[in-house]
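Peer 1: First, the structure itself, so that you have it in front of you.
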Amino acid sequence: MHSYQLVMHSGPTPGKTFLLEGNVLTIGREASNAIAINDAEISRKHAQLVYRDGKYIITDLGSTTGTFVNGQRLTGQHVLQPGEVISLGEQISLLFETCYIQQKVINASPEGFQLVMHSGPTPGKVFPLTGDVLTIGREASNNIAINDAEINRKHAQLVYQGGKYIITDLSSVNGTFVNGQRLTGQHILQSGEVISLGEQIALLVEKTSGNLYQKQIDEKRIQQAATTSSVQPKPNMNNHPLNVPIAIKQPRRIRVFLCHASQDKLAVRLLYQKLSGEGWIDPWLDEEKLLPGQNWDIEIEKAVESADAVIVFLSRNSVNKEGYVQQELRFVLNIALTKPEETIFVIPLRLEECEPPRRLRAWHYADFFPPERRDQVYNRLLESLKARFQKLDSNS
């Protein structure tokens, strides 16, 4: 069995894992494909994977919307490397990674976990945890979808590792709490702990054995929660039955604005999620932070003005494209002029081989390519942000 897999990052079923177990595999809309994704953007036979010399080679099969690797449209064969992102059209993205067989065996164990809504829109509702990467949020595309105005579209993430689920806040507006403590990094969940999303939603972590759907739940507790909800649709969390304090002051985090072209959204979104998981970084990405009805120009200017640092993503798209990204960059550079000379504020990050604009050549840039160098470059990026953060702390 070949030790590679694809994990859906965006699309109909985020977090779904496709184990690559054949020498010739097709990806497409039809159910007969080895990797079947039922989405209108995908052709019936969209792309092909061929296993050769220990590697998978991907080829587009003349699809209508195209096959991309790290944002570059395929025009021939490409040897995949762990960490690369395959995009099918504009909406579907798959992360290519090494498959850890031992972890798969653990996941197959009959013992598992589930979340039970203690307070919120549907008290008593059970959410079985059955995937390796699960998201919690307001959008229906999340594995755990909770339709409540207090919750972000993508609010928090659960990752299965070593027999446990690890929870991370995805830079939500109202925060993610565990037992009353606001998350600023990763947390390994234990049975009996309470996850709170904002002030109104509380989920109880439970361990299950056997069939997750046959788990016996404490009916008295569920009935009590349901009664509380019917009398008080938005329960006062100060009187939470589990006595979990919620109003915890959030520690200061470094604010990082992500300046990019819309064509680079996929790569930027992946880095946004990685930075969010650090706990001490508060990255700003338009699709996550802007609310419906807000003025785009005003909110972007406010975000740049309040930022402690700005990562400028460089690609052939952003360097050569006319339009809003150039206006945004000019505003960033104007703010940079107000900073002391040695301040780390503008951090250029190249996503591919391209010539940095003349106005950015004063700053040392980093190359977020090829894929095998990304971890090293990411750590260097964190060093720059830590140096900036320490400077802010010393001036406060």
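The values are calculated or read from the model by the stated rules, or taken from the named source; none is laboratory data. Keep in mind the model is a prediction, meaning the values are calculated, not measured. Here the Cβ positions follow ideal geometry from the backbone for every residue, glycine too, while neighbour counts run over all protein chains shown. These area figures cover heavy atoms from the full protein model, side chains too; ligands, DNA and RNA do not enter into them. Shrake-Rupley method; radii C 1.70, N 1.55, O 1.52, S 1.80 Å.
Peer 1: Given (1) closer than 19 Å to Ile254 by Cβ; (2) open to solvent by less than 60 Å² (accessible area, probe 1.4 Å), where does Thr338 come up short, assuming only one miss?
Peer 2: All conditions pass for Thr338, except number (2).
Peer 1: Right, something else. Suppose the filter is at pLDDT below 90 and either of a type in the set (D, E, K, R) or touching a helix residue (DSSP H, G or I) at 6+ places or on another chain (Cβ under 8 Å) (or both); does Asn23 pass it?
Peer 2: no
Peer 1: Step by step: first the residues of the range 243-259, then only those that are open to solvent by 20 Å² or more (accessible area, probe 1.4 Å) and modelled with pLDDT of 85 or more, then the one that is nearest to Ser10 (Cα to Cα). Which residue is that?
Peer 2: Arg255
Peer 1: Can you tell which of Ile58, Ile92 is of a type in the set (Val, Ile, Thr), at pLDDT 85 or above and under 20 Å from the mean Cα position of the chain (by Cα)? Show your work before the answer.
Peer 2: On the way: Ile58 fails: under 20 Å from the mean Cα position of the chain (by Cα).
Just one listed residue meets the conditions, Ile92.
Peer 1: So Ser318 passes all but one of these: (1) touching a His at 6+ places or on another chain (Cβ under 8 Å); (2) polar (S, T, N, Q); (3) more than 30 Å from Pro82 (Cα to Cα). Which condition number does it fail?
Peer 2: Ser318 satisfies all of (1) touching a His at 6+ places or on another chain (Cβ under 8 Å); (2) polar (S, T, N, Q); (3) more than 30 Å from Pro82 (Cα to Cα) except (3).
Peer 1: Any chance the range 313-321 includes a residue that's closer than 23 Å to Trp280 by Cα and of a type outside the set (Lys, Arg)?
Peer 2: yes
Peer 1: Scan the range 283-333 residue by residue and report those that are among the acidic types (Asp, Glu) and crowded, with 19+ Cβ neighbours inside 10 Å.
Peer 2: Glu288, Asp308, Glu328 - these are the residues of the range 283-333 that are among the acidic types (Asp, Glu) and crowded, with 19+ Cβ neighbours inside 10 Å.
Peer 1: Still on this structure, I have one more. Any residue at all in the range 131-143 that is open to solvent by 20 Å² or more (accessible area, probe 1.4 Å), basic (Lys, Arg), under 17 Å from Ser10 (Cβ atoms) and in contact with a Gly (Cβ under 9 Å, 6 or more places away or on another chain)?
Peer 2: no
Peer 1: Looking at the range 130-183 only, could you name the residues that are under 15 Å from Val194 (Cβ atoms) and out of contact with any Ser or Thr (no Cβ under 9 Å at 6 or more places or on another chain)?
Peer 2: If the condition is that a residue be under 15 Å from Val194 (Cβ atoms) and out of contact with any Ser or Thr (no Cβ under 9 Å at 6 or more places or on another chain), then Tyr165, Gln181 are the ones that fit.
Peer 1: Now a separate question. What are the pairs, 6+ residues apart or on separate chains, where a residue within the range 56-73 that is at positive phi has its Cβ under 7 Å from a residue that is aliphatic (A, V, I, L, M) and in a strand (DSSP E or B)?
Peer 2: Asn70/Val85
Peer 1: How do the strands (runs of 3 or more DSSP E) wholly within the range 125-204 filter down when requiring 3 or more residues that are farther than 17 Å from Lys274 by Cα: which remain?
Peer 2: In the range 125-204, 126-129, 194-197 are the strands (runs of 3 or more DSSP E) which contain 3 or more residues that are farther than 17 Å from Lys274 by Cα.
Peer 1: In the range 14-49, which residues are in contact (Cβ under 8 Å) with a residue 60 or more places away in the chain, in a loop (DSSP other than H, G, I, E, B) and open to solvent by 40 Å² or more (accessible area, probe 1.4 Å)?
Peer 2: Taking the range 14-49 and keeping what is in contact (Cβ under 8 Å) with a residue 60 or more places away in the chain, we get 14-20, 27.
Now restrict to residues that are in a loop (DSSP other than H, G, I, E, B): 14-16.
Answer for the range 14-49, where residues must be in contact (Cβ under 8 Å) with a residue 60 or more places away in the chain, in a loop (DSSP other than H, G, I, E, B) and open to solvent by 40 Å² or more (accessible area, probe 1.4 Å): just Lys16.
Peer 1: Answer with yes or no whether Arg359 is touching a residue at least 24 places away in the same chain (Cβ under 8 Å) and surrounded by 14 or more Cβ atoms within 10 Å (Cβ to Cβ).
Peer 2: Details: touching a residue at least 24 places away in the same chain (Cβ under 8 Å): yes; surrounded by 14 or more Cβ atoms within 10 Å (Cβ to Cβ): no.
Taking the combined requirement at face value, the residue does not satisfy it.
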